[in-house]
Amino acid sequence: MRRLISLFGILALLTLGSATALIAEAQEHSYTSPKVDYTVDFPSPTWRLTDEPDEVHQHTEFIYGDRNDGYLRIRKEALEQGLTVREFARRDLDQKTRYLPGYVDGKEEPFNGRLSGMTLSYEFTERGKPMAGRTYYLQGDSSTVYVLRFTGLRDKLSRIRNQTDLIARSLRLK
């Protein structure tokens, strides 16, 4: 009987430990820095910071476990007077993304969060692997756009689409 009670005690502790691990996995964390003028929330601790802005690079980078699973680059860009976010996004696509190997245009959609704007999705290949990209263009003010560029293996990036949307919705200015 004592062995049975001990066994139930051990199982209870293991169950409690597993539940605690699941809660920790589900916890959000935020990123902000004196080097940036925004705060962004991440729905999973799997997202980790890999690079912050400095004198040379004006972007912040995060990866989701492995770079192929999900990569995020956040950059603040100047929006020319009279240019809409959609026009800015199209120009950005034409100058930076369209020339990726195996590029295929995807959907263009309006996007609403704390900051509103639009998203552009696309596919491309990298070292023979099918990749996907989803870029969020969020208008900070009449002269600023925040560009959140997510890339990863096509099937893996599509699995974390809910997270990419949550991250983009959470972006807020200080």
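Each reported figure results from applying straightforward, stated rules to the coordinates on display, with no laboratory input. Owing to the predicted nature of the structure, the values given are computational and were not obtained by experimental measurement. In this analysis, Cβ positions are derived from the backbone assuming ideal geometry, glycine residues included, and neighbour counts consider all displayed protein chains.
With a 10 Å cut-off between alpha carbons and a GNM built on the chain, which of Y38, Y99, Y146 moves the most? Comparing Y38, Y99, Y146 in the GNM, the peak value goes to Y99. If the chain linking V104 and E126 were pulled fully straight, counting 0.36 nm for each residue of separation and taking away their Cα-Cα distance, it would gain 6.6 nm.
Across region 57-65, computed HN-Hα scalar couplings (Karplus, 6.51 cos²θ - 1.76 cosθ + 1.60, θ = phi - 60°) run 9, 9, 9, 10, 10, 9, 10, 9, x Hz from first to last residue, x flagging Gly and Pro.
Let me know the shape class of region 72-169, please: from the alpha-carbon gyration tensor, a ≥ b ≥ c as square roots of the eigenvalues, rounded when a/c is under 1.5, otherwise prolate if a/b is greater than b/c, or oblate. Since a/c reaches 1.5 but b/c is at least a/b, the shape of region 72-169 is classed as oblate. Of all aspartates and glutamates in the structure, those lying under 14 Å Cα to Cα from K156, and not within fewer than 8 positions of it along the same chain, are D66, D69, E123. Remark: region 95-112, residue by residue, has Karplus-estimated 3J(HN,Hα) of 8, 10, 10, 4, 9, 5, x, x, 4, 9, 4, x, 7, 10, 9, x, 9, 10 Hz, where x stands for each Gly or Pro and the curve is 6.51 cos²θ - 1.76 cosθ + 1.60 at θ = phi - 60°. Just checking the listed ones, P130, P34, P53: in the Gaussian network model of the chain with Cα springs under 10 Å, the one fluctuating most is P34.
Excluding same-chain residues fewer than 8 positions from K96, which lysines have a Cα within less than 16 Å of its Cα? Answer for K96, where 16 Å is the Cα cut-off: K76, listed by chain and number.
Share of Cα-Cα pairs in the chain beyond 22 Å, in percent?
In whole percent, the long-distance tail amounts to 51.
Modelled spin-label separation between Q27 and T46, with each label point placed 7 Å from Cα along the Cα-to-Cβ direction: 1.8 nm.
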